[in-house]
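The values are calculated or read from the model by the stated rules, or taken from the named source; none is laboratory data. Note that the coordinates shown come from a computational prediction; the quantities given were computed from them, not determined experimentally. With ideal geometry, Cβ positions are generated from the backbone for all residues, glycine too; neighbour counts draw on all protein chains shown. These accessible areas exclude ligands, DNA and RNA; they are computed on the full protein's heavy atoms, side chains included. Shrake-Rupley method; radii C 1.70, N 1.55, O 1.52, S 1.80 Å.
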Amino acid sequence: MPVVATISQSALAENLASIKAKCGKAKIVSMVKAAAYGHQIEMVAPIIKGSDFLAVSNLAEATKLRRLTTKPILLLLGVANTAELTAAISLKCHITIFDLHQIEIIKNTKTKLNIWLKVDSGMRRLGLLPQQISEALDTISTNPKINIVCLMSHFASADEPKNPTNNSQITRFKKLPAAKKLKLSMANSAAILSREDAAFDFIRPGIMLYGISPFEWMYEYLQPAMQLSAPIISLKTIKKGEQVGYGGTWTASKKSTIAIIGIGYADGYPRHAQNSTPILINKVICPLVGRVSMDLIMADVSKIKVKVGDLAILWGDKELRVEEVAKSSNTIAYELVSRLNSRVIFTAVE
Ligand SMILES: *Cc1c(COP(=O)(O)O)cnc(C)c1O
């Protein structure tokens with residue numbers, strides 16, 4: 001039996017509905033990059049149907065998405081050369097401009113082009129510097145084929161609502177002369193949830209669409225969209241003092257029943273998951289024991305009734321959110337859902 005990821009269509013729809021209820025007039029640019037955060041682009045129809053815009057990172061993702069929708073697609077990483085520009089235009093993508101070299105690539109376009117100008121308001125990653133914006137606008141304005149849809153920026157620390165850089169980024173962004181004339185976009189999930197003054201004209205939800213909290217703490221009303229499960233393929237009883245798995249990193253303190261589960265790091269289960277990482281088996285949380293191996297993990301199931309073939313839920317249940325597994329594995333939920341391996345079978349469920 002394979003590892004299965006079920007993607008709940010109703011959870012996706014509810015999460016999108018709760019974003020709409022929160023953000024009034026702002027248009028929704030749903031982030032479906034990285035195969036819809038690992039949920040697979042073919043499995044997230046409610047998001048594709050219900051959003052105003054969709055955003056992906058690169059042309060390969062845009063090509064896949066274009067087969068599923070006629071809605072505008074924003075290419076977050078823009079174009080690197082004229083060949084990519086031609087491809088982006090033929091896919092009817094809006095493109096992000098974050099560097100002056102991209103202005104050179106697009107400035108003589110003879111085809112209508114929708115662009116989103118990205119400004120670095122303090123994150124020091126992608127984005128034109130505030131002082132480069134007027135130069136960029138001057139060049140673009142000579143070509144009537146280029147339409148600036150929006151001025152956008154990205155928060156460095158929106159997941160820490162009290163971090164003062166959030167205020168200083170908003171201030172710097174709003175102070176730009178161009179911000180008075182253009183539509184604006186700044187909010188990712190964390191900003192959507194924590195500050196209404198960052199909603200502006202377009203919001204850009206990502207992780208929350210999939211029912212996952214962008215913060216250290218959880219949001220009960222976000223509905224987990226992905227449930228990951230794998231079968232118990234063997235059971236054994238071990239004696240007090242025996243060790244389990246590679247390196248013997250867990251020792252039984254008493255006679256114990258161990259379930260061997262058919263999922264490992266090659267499927268995308270985090271190798272760094274510590275002893276005691278929660279696993280849901282027959283509605284009871286059981287602790288992971290021993291090291292995660294390529295195809296297998298082990299759980300202590302001494303306290304429950306269980307048989308070979310029963311399913312273990314690794315995450316994506318009200319009782320076991322992926323955020324908790326991420327915490328036990330020293331990573332973030334974004335990483336866990338977006339790096340499932342192609343060996344995992346995906347199915348859409350109601
Ligand atoms: C991925 C991304 C987002 C969404 O971030 P979440 O934290 O997942 O909501 C928003 N804006 C940009 C530019 C992104 O690349």
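Quick notes on this one:
- The lone criterion from (1) in contact with a strand residue (DSSP E or B) (Cβ under 8 Å, 6 or more places away or on another chain); (2) more than 13 Å from the ligand (Cβ to nearest atom) left unmet by LYS110 is number (1).
- Selection of the range 73-99 for residues being farther than 16 Å from LYS33 by Cβ and not polar (S, T, N, Q) yields ALA80, ALA83, GLU84, LEU85, ALA87, ILE89, LYS92, ILE97, ASP99.
- Count of the range 94-107 residues, restricted to those that are in a loop (DSSP other than H, G, I, E, B) and either away from the ligand (no atom under 16 Å from the Cβ) or closer than 24 Å to ASP52 by Cβ (or both), is 2.
- With respect to the conditions (1) free of Cβ contacts under 8 Å to residues at least 24 places away in the same chain; (2) surrounded by 15 or more Cβ atoms within 10 Å (Cβ to Cβ), ASP120 lacks only one, and its number is (1).
- Residue list for the range 28-47, filter: of a type outside the set (S, T, N, Q) and away from the ligand (no atom under 16 Å from the Cβ): GLU42, MET43, ALA45, PRO46
- When the range 20-62 is limited to residues that are modelled with pLDDT under 95 and either not in a helix (DSSP H, G or I) or not charged (D, E, K, R) (or both), the one that is least open to solvent (accessible area, probe 1.4 Å) turns out to be CYS23.
- Condition met for TYR221 (in contact with a helix residue (DSSP H, G or I) (Cβ under 7 Å, 6 or more places away or on another chain) and either basic (Lys, Arg) or open to solvent by 50 Å² or more (accessible area, probe 1.4 Å) (or both)): yes
- Scanning the range 178-218 for residues that are open to solvent by 10 Å² or more (accessible area, probe 1.4 Å) and closer than 30 Å to ASP310 by Cβ turns up just one, MET218.
- Taking the conditions (1) part of a strand (DSSP E or B); (2) crowded, with 19+ Cβ neighbours inside 10 Å in turn, ILE263 satisfies each one other than (1).
- Counted as qualifying within the range 151-244 are the helices (runs of 4 or more DSSP H) with 3 or more residues that are polar (S, T, N, Q) and more than 16 Å from the ligand (Cβ to nearest atom), namely 164-175.
- Among the residues listed as GLY206, GLY211, the single one being on the phi > 0 side of the Ramachandran plot and of a type in the set (Gly, Ala, Ser): GLY211
- Matching residues, the range 292-350, being closer than 22 Å to ALA190 by Cβ, open to solvent by less than 60 Å² (accessible area, probe 1.4 Å) and assigned to a loop (DSSP other than H, G, I, E, B): GLY316, ARG321, SER329, THR331
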